[in-house]
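Below is one structure, written out as structure tokens; comments come after it.
The values are calculated or read from the model by the stated rules, or taken from the named source; none is laboratory data. As the structure is a prediction and not an experimental result, all values here were calculated from the model. Cβ sites come from the backbone with ideal geometry, for glycine too, and all protein chains shown count toward neighbours.
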Amino acid sequence: MINLLYPLLASDISSNISDEEVVKLYLDTQNVAYFNILYKRYSGKIFGKSLSLLKSESEAHDATQDVMMKILLNLSKFSGKSRFSTWIYSITYNYCIDFIRRKKKDPSVYVDDFIENLDIEEEVNDAFITEVNVKRLKVILNEIPSGDKSILLMKYQDDMSIREISGILDKSESAIKMQIKRAKKKFQTVYYDKYKDD
Amino acid sequence: MINMNNFKKLQEEQEEQYKDNLLGIKSSIEGNLGVIGIFTGLIETYITKLIQCMINLSGGSSDKLDK
């Protein structure tokens, strides 16, 4: 049973302890203080990603609550094959993408055959993407499709490898590489549309 | 090499900006955990009695199992 009666203070536990160790301690003791550590580390990040993808504070609020509950109830299924953060973010991205699909009744959040005349011969520089100031970054992320946005967040915010992204989206690594290229191009196109006069 | 990453800055800003929302979400989760805890307690308490009752109804006896 979940021990709610005598939780340790999260501050009693070293902040240097790794996520994987916290998960093990939680599973061994069912002490909610260990879950509080994970909550403190990840709830803000989950909320931010949900907000970026769902574009609504109340939906991001519900998403964070649902994702955290899902994580709590499935902690024993975390196998340790991936980083804990990757596991958490994969739950978050999949939750948000499913939510968008259901809301829009559109199964094509990620479209392989992206029918647009994007010149993807020339790859957009990473620095161009990451050095756009935060205010503009918010605007651009708000403009681009959810699929492109999530793939850029995975790459630049979560430092996920191509292999990790392909695992989350259940696609081949070459498909993911192409999708990143397209998302970067889309980002650049929106940037120039919005700020061409600067 | 990436020198500056404003995706990370955006994440930090969002975490700071929505701190208060996170407190509300935590209370909701704790509420849900409380409900789950109560149900778990009820199941732990009554499930053995329910199984025993079903065994008795089917004509068996849990005493025989012990022997």
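Listed by position, the helices (runs of 4 or more DSSP H) contained in region A:116-198 that have at least 2 residues being surrounded by 13 or more Cβ atoms within 10 Å (Cβ to Cβ), away from every other protein chain (no Cβ under 12 Å) and not hydroxyl-bearing (S, T, Y) are A:146-152, A:162-169, A:173-195. Residues in region A:60-83 that are more than 12 Å from every other protein chain (Cβ to nearest Cβ) and either surrounded by 15 or more Cβ atoms within 10 Å (Cβ to Cβ) or polar (S, T, N, Q) (or both): A:N74, A:L75, A:S76, A:F78, A:S79, A:S82, A:R83. With respect to A:V22, determine if the residue is under 24 Å from the mean Cα position of the chain (by Cα), at pLDDT 95 or above and either within 19 Å of A:S90 (Cβ to Cβ) or within 14 Å of another protein chain (Cβ to nearest Cβ) (or both). Spelling it out, it is not the case that A:V22 is under 24 Å from the mean Cα position of the chain (by Cα), at pLDDT 95 or above and either within 19 Å of A:S90 (Cβ to Cβ) or within 14 Å of another protein chain (Cβ to nearest Cβ) (or both). Look at region A:30-52: where a residue is touching a residue at least 60 places away in the same chain (Cβ under 8 Å) and at the interface with chain B (Cβ under 10 Å from one of its Cβ atoms) and a partner is part of a helix (DSSP H, G or I) and β-branched (V, I, T), sitting 6+ places away or on another chain with Cβ atoms under 7 Å, you get A:K49/A:T92.
B:E15 satisfies every condition listed in (1) in contact with a Gly (Cβ under 6 Å, 6 or more places away or on another chain); (2) modelled with pLDDT under 80; (3) not aliphatic (A, V, I, L, M) except (2).
Selection of first residues in region B:10-25 that are farther than 14 Å from A:E57 by Cα and of second residues that are at pLDDT 90 or above, restricted to Cβ pairs under 6 Å at least 6 apart or on distinct chains, gives the following pairs, ordered by first then second residue: B:L10/A:V134; B:L10/A:L137; B:Q11/A:G48; B:Q11/A:Q157.
A Cβ distance below 9 Å, combined with a sequence gap of six or more or placement on separate chains, defines the contacts here; from region A:167-178, residues that are more than 17 Å from A:S90 (Cβ to Cβ) reach residues that are aromatic (F, W, Y) and at pLDDT below 95 in the pairs A:M178/A:F114. Taking region B:1-31 as the range and being polar (S, T, N, Q) and closer than 19 Å to A:L38 by Cβ as the test, the residues that pass are B:Q11, B:Q14, B:N21, B:S27, B:S28.
Which of the helices (runs of 4 or more DSSP H) contained wholly in region A:18-87 include at least 3 residues that are touching a helix residue (DSSP H, G or I) at 6+ places or on another chain (Cβ under 7 Å) and among the polar types (S, T, N, Q)? It would help to see each step written out before you state the result.
On the way: elements: A:19-29, A:32-54, A:57-74.
Fully inside region A:18-87 and qualifying: A:32-54.
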